[in-house]
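Below is one structure, written out as structure tokens; the observations come after it.
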Amino acid sequence: MIQKPNFFIVGAAKSGTTALYEYLKKHPNIFMPKKELYYFGKDFTFREAHTPLEYYMSFFEAIPPNAKQIGEASVWYLYSKTAAVEIKEFQPKAKIIIMLREPTEMLYSLHSQQLYSGNEDIEGFEMALQAEFARKKGQQLPPYIGCPYEALHYSEVPRYYEQVKRYIDVFGKENVHIILFNDFAKSTK
């Protein structure tokens with residue numbers, strides 16, 4: 001029987017989630033498949049169809065017997081308006097890890113990362129912000145986007161209060177752990 005993940009690193013983008021994922025992946029009692037599976041968040045728009053459940057679960061077929069915790073990390077789950085409920089329906093006892101970074105730093109870093117990865121084709125951050133209205137209508141989108149289109153709605157990405165509140169409301173405060181980027185960066189050992 002394939003086991004479901006029992007904890008999720010849900011974001012935010014550019015807040016240390018990849019570093020945490022790499023640390024946890026090396027732990028002998030934790031299993032982490034590849035990062036950014038993007039199964040949850042049915043409210044997002046992708047160039048390709050959403051991942052089928054069978055494909056998603058195939059990443060959890062080779063869990064070693066010593067794994068006591070099974071995790072999944074996809075940063076856009078935090079930003080999604082539906083992912084918290086979808087995760088709760090999938091795994092009611094899941095624990096949630098949220099990592100947050102100062103919004104302005106995060107946005108500049110996100111824009112740079114989107115440019116580097118080919119998800120963004122507007123080099124100036126201010127111009128990318130101005131393109132947001134058109135992008136919400138499906139216009140001025142780059143030819144290739146490997147993340148949700150909504151990830152280019154820069155002014156909405158760092159609305160942490162409502163995003164974190166969604167997870168606390170769905171999972172309860174006792175099941176949501178928040179890590180601040182600056183604290184994490186100071187004490188990674």
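The values are calculated or read from the model by the stated rules, or taken from the named source; none is laboratory data. Nothing here was measured: the structure is a model prediction, and the numbers come from that model. Cβ coordinates were reconstructed from backbone atoms using ideal geometry, including for glycine residues, and neighbour counts include every protein chain displayed. Just so you know, the surface numbers come from the protein's heavy atoms only, side chains and all, with ligands and any DNA or RNA stripped out. Shrake-Rupley method; radii C 1.70, N 1.55, O 1.52, S 1.80 Å.
Annotations for the structure displayed:
- A cut-off of 5 Å between modelled amide H atoms, ignoring neighbours fewer than 5 places along the same chain, links Glu36 with Ala73, Ser74, Val75.
- Distant-in-sequence amide contacts of Met99, defined by a placed amide H-H separation under 5 Å and a gap of 5 or more residues or a different chain, comprise Val10, Gly11, Ala12, Ile179.
- Reachable aspartates and glutamates from Lys81, criterion Cα separation under 13 angstrom, eight or more residues apart if same chain: Asp43, Glu150, Glu156, Glu162, Asp169
- For Ile63, residues with placed amide H under 5 Å, excluding near neighbours: none
- For the pair the stretch 14-38 / the stretch 108-131, the C-alpha centres are spaced 25 Å from each other.
- When the helices of the chain are scored as -39500 (n - 2.57) per DSSP H run of n ≥ 4 and the total is divided over every residue, the value at 222 nm lands at -10000 deg cm²/dmol.
- Mean accessible surface per residue for the chain, computed with a 1.4 Å probe while every protein chain stays in place, in Å²: 53 Å²
- Modelled spin labels at Arg47 and Lys35, positioned 7 Å past Cα toward Cβ, are 2.1 nm from each other.
- Put simply, when 11-19, 147-155 are sorted by average Cβ atoms within 10 angstrom per residue, most first, you get 11-19, 147-155.
- Accessible surface of the chain, 1.4 Å probe, proportion on carbon and sulfur as whole %: 56 percent
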